[in-house]
1. Just checking, how many residues over the range 198-225 are part of a loop (DSSP other than H, G, I, E, B) and touching a helix residue (DSSP H, G or I) at 6+ places or on another chain (Cβ under 8 Å)?
2. Among the residues of the range 431-461, count how many are in a helix (DSSP H, G or I) and without any contact (Cβ under 8 Å) to a residue 12 or more places away in the chain.
3. Among Tyr187, Tyr198, Tyr214, which is touching a Lys or Arg at 6+ places or on another chain (Cβ under 7 Å) and over 20 Å from Ala311 (Cα atoms)?
4. Might you let me know whether the range 423-430 holds any residue that is in the same structural domain as Gly457 (by TED's automatic domain parsing) and outside any loop (DSSP other than H, G, I, E, B)?
5. Could you go through the range 271-283 and let me know if any residue there is under 20 Å from Thr125 (Cα atoms), part of a helix (DSSP H, G or I) and modelled with pLDDT of 90 or more.
6. Could you say whether any residue in the range 422-434 is touching a Lys or Arg at 6+ places or on another chain (Cβ under 7 Å) and within 25 Å of Glu82 (Cβ to Cβ)?
7. Looking at Asp348 and the list (1) buried (at least 21 other Cβ atoms within 10 Å of the Cβ); (2) out of contact with any strand residue (DSSP E or B) (no Cβ under 6 Å at 6 or more places or on another chain); (3) of a type in the set (D, E, K, R), which single condition is not satisfied?
8. Just the residues that are in a loop (DSSP other than H, G, I, E, B) and surrounded by 13 or more Cβ atoms within 10 Å (Cβ to Cβ), please, taken from the range 36-55.
Amino acid sequence: MAVFGWLLVILLIVYYFWKYRRPKEFPPGPPTLPFLGNIYKLGSQDPLKLFQKLRKQYGPVSSLYIGGTPMVLIQDLSIAKEVLVMKGTEFAGRPDNPLLDLISKKKGIALAPYGQAWKEQRRFTLMVLRNFGLGKKSMEERILTEVMHLIQAFKENMSTPFDPFHFMDCAMTNIISSIVFGKRYEYDDDALRNVLSYVHQNLKLLSGPWALVYNEFPMLRSLPLPHQNILKNIQKIFAFCTKEMDDHKATFVPGEHRDLIDAYLDELQKSLMRAFFPFLACGSCWTSGQGGDKPEQKGSSFDNENLFTIATDMFTGGSETTVRTLQWGLLYMMANPEIQERCQQEIDAVLGNNACLKYEDRERLPYINAVIHEILRFSSVLPFGVGHAPIKDTLLSGYSVPKGTNVLINVHSIHHDGTHWKSPNKFDPSNFLNEKGEFVKPEAFLAFSAGPRVCLGENLARMQLFLFFTSILRNFQVSWPDESSEPDCTPQFASFLVPSPFKVFLKPRQEK
Ligand code: HEM
């Protein structure tokens, strides 16, 4: 009996090594442990440092095993471009991730698999963002209104040093909320405060060990372990969004678009009509661009689940990226007062005392534009972007990458690579300026990624960052309140790269 037991154990180990062996021609990487893969390496150190070591040891394309799940890591610009652009469609899939797939149901845009449904949802949402004459206000007006609220909140709180994060978080969420739900919230609104705290808790939990346990050990999923908190928080975030959507449906008037939800509900009705009465195929269908494109209308992907996932994705993902970038911006301005002063000189010289700030002013403010891009580069808030996956077995830089493999691009390392940047490891706006002081964007700038999956909110995020950042520096002198210490620019990893909480000291400015 004992012999039989030992035989079974040996067979299981052999099976494990056979099942989890590196596929033939797969990129090299550190040796794996049974069932854990390379988790032991990830658990013990900061992923940025671990990836740096892998780059030195195995080169620009390497692999890691997260439990039994293989992952390919790209740490070189030309190979990143091959994945994102040259072979953009081949790598336009998303890898399986049981926890994220449970949350998104593989619907919406950001985590949806490559295919017709993703294309339709992405194209439609982009069209709504582009035509943002929804309601009466343009996108720029909406942002400038929120800028005024933020400046006012700063003025009311600046008598002593304070943490600006909550106010900026509400402001950025309000922009997305005005696009998706057609409304803004006061900064002391309890429902908003609570939902934002669930979002932050979840972003931290999702990058921690319990999300990994959920993904790698299915038999532990129903146990009362800390990963259940992720699911509880999701329920609360979903309840918040469901209430907003129900309110909408009750007051929806076809053809009158207050926001993205209204535009989507209209499209949903139209696609139902087309399904039942195909002869009604209209000449103004957005799907074809020229109208009446029959194949696109067949089996439409417009449904309530897609609407819900797009709304929740944008609400949670669209604000965290911009608020963290702005938070880094304030920290870098305090750490580099001479750069802050140069920004303010440019603002004063170009805008003077009276002119209203407009988005088109960025053309006349090349230094500010360079500083904003340098904030995006130096902080790299989404250091590894979002995982891609080949939609079929594919060759990459001489290695074979099987269909569905998680392919991560280390944008942080590309953003700090000395072969592409004048000052790779220093906060230096001249990384984005030529000898004449004009704004230039090096091709190694990948904060919004590139190719078919490029960030859908890039233009919106650029407009937000420019209008908020420039307005804050125009109105206030931002300084580090504690003379006994220096600003701490060490990033913490919580799905995003975030700074430790900090306070600012604001002094109102008089333009010269
Ligand atoms: C500083 C701000 C932002 C940064 C740095 C950023 C960065 C990114 C990155 C790196 C990706 C992954 C692209 C890829 O898969 O290769 C992405 C995807 C995406 N972003 Fe952003 N983003 C920002 C703001 C926004 C905003 C404001 C929105 C909302 C309108 C948004 C919506 C999306 C969506 C929907 C996707 C998924 C696109 C797809 O899978 O087709 N992002 N973003």
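The values are calculated or read from the model by the stated rules, or taken from the named source; none is laboratory data. Small disclaimer: the values here were computed from a predicted structure and weren't measured. Cβ atoms come from the backbone with ideal geometry, glycine included; neighbour counts cover every protein chain shown.
1. Of the residues in that region, 2 qualify.
2. The number of residues fulfilling the criteria is 1.
3. Exactly one residue qualifies, and that residue is Tyr214.
4. yes
5. no
6. yes
7. (1) is the only condition that Asp348 fails.
8. Once the filter is applied, which keeps residues that are in a loop (DSSP other than H, G, I, E, B) and surrounded by 13 or more Cβ atoms within 10 Å (Cβ to Cβ), the range 36-55 yields Leu36, Asn38, Asp46.
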